[in-house]
Amino acid sequence: MRDVLAVGATGVVRGRDDVPPRFCPPAPPRHFVGRNAELAGIRAGVTVLHGPGGVGKTALALKWLRDRGSGAQLYVDLAAHDLGRVLRAFGLNADPADEPAVFRSLVTRRQFTLLLDNADSAEQVTPLLPASGTVIVTSRSGLDLPQAREIPVGALPDDGRLGPLLDLSYVDLGERQARLYRLCAWEPGAFGVPVAAAIAGEPECDVEDALDDLVERSLLTEVGDDAFRFHDLVRAHARAKRYQ
């Protein structure tokens, strides 16, 4: 296998030296609060943050990277980013079978702190892990990776700060997201895209995108395939907004 590590005669990975903008970690939410114990649990090596969709796993990882991470940082959304696309953004090309090895070499030689977001399984993650360094993985379930630190991430308790935090998150919503937030809060349990679309009187494709946005902002929790639920405190906040 010729030059599988995509290195030149000097032993340096060819391609661009900086992280392409689309693979730099985004900023954490402006109104991040709490999670001190979880933040303290992330250390060098591999850490898996696992919990239901919408509880704030990605926000937690981004907060740690911004406040406690060091060096260059690489963000890969495993639900959206094809590995070959990541490598091509660095000016690297490899056969599909060689892509994991080239990726590991890239991360190791550049000493990136790596965030692998939205992992599905250990089988998906294991081929991407470098031999050393700091890696944070987010997933909806524990991955049972050898020597990885597993940190469960649950819903935040109400310590008196959630009300103002929810207000700040709400004012940042687009018109469609804010309307769905107010209307769907009257569903007593879990609901799917068809129900939300019927409530809003809008096409399912538009509603699905808006619901996903609410999940990303931790205002809605995904509890199954295309099934969503409000945390009790968030539901109360959303219902109150309907009358304001």
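Figures for the structure shown
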item: Length added when fully stretched, Asp120-Val33, from 0.36 nm per residue minus Cα-Cα; result: 28.6 nm
item: Residue-by-residue Karplus 3J(HN,Hα) for segment 65-79, coefficients 6.51, -1.76, 1.60, Hz, glycine and proline x; result: 4, 5, 8, 10, x, 9, x, 6, 10, 10, 10, 10, 8, 5, 7
item: Net lengthening on full extension, Arg239/Asp82 (0.36 nm per residue, minus Cα-Cα); result: 52.6 nm
item: About the Cα centre, charge dipole magnitude for segment 97-244 (Lys/Arg +1, Asp/Glu -1 at Cβ), debye; result: 600 debye
item: Largest to smallest accessible area among His231, His31 [probe 1.4 Å]; result: His231, His31
item: Leading residue at positive end of dipole, the chain (Cβ point charges), from Leu83, Leu165, Asn93; result: Leu165
item: Cα gyration tensor, segment 149-244 - rounded (a/c under 1.5), prolate or oblate; result: oblate
item: Degrees between helix 99-110 axis and first principal axis of the chain (Cα, 0 to 90, nearest 10); result: 80 degrees
item: Around Tyr170: net Lys/Arg minus Asp/Glu count, Cβ-Cβ under 10 Å; result: +1
item: Integer Hz, Karplus 6.51/-1.76/1.60 couplings in order for segment 171-185, x for Gly and Pro; result: 5, 7, 6, x, 4, 5, 4, 5, 5, 5, 4, 6, 6, 6, 5
item: Label-point separation in nm, Leu168 to Arg140, each point 7 Å along Cα→Cβ; result: 2.9 nm
item: Charge dipole of the chain about the Cα centre (unit charges at C-beta), most positive-ward option of Ala178, Pro146, Val19; result: Val19
item: Residues with amide H under 5 Å from that of Gly91, placed H, sequence gap 5 or more; result: Arg16
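The values are calculated or read from the model by the stated rules, or taken from the named source; none is laboratory data. The structure displayed is predicted, hence computed values, not measured ones. Positions of Cβ are backbone-derived with ideal geometry, glycine not excepted, and every protein chain shown enters the neighbour counts. Just so you know, the surface numbers come from the protein's heavy atoms only, side chains and all, with ligands and any DNA or RNA stripped out. Shrake-Rupley method; radii C 1.70, N 1.55, O 1.52, S 1.80 Å.
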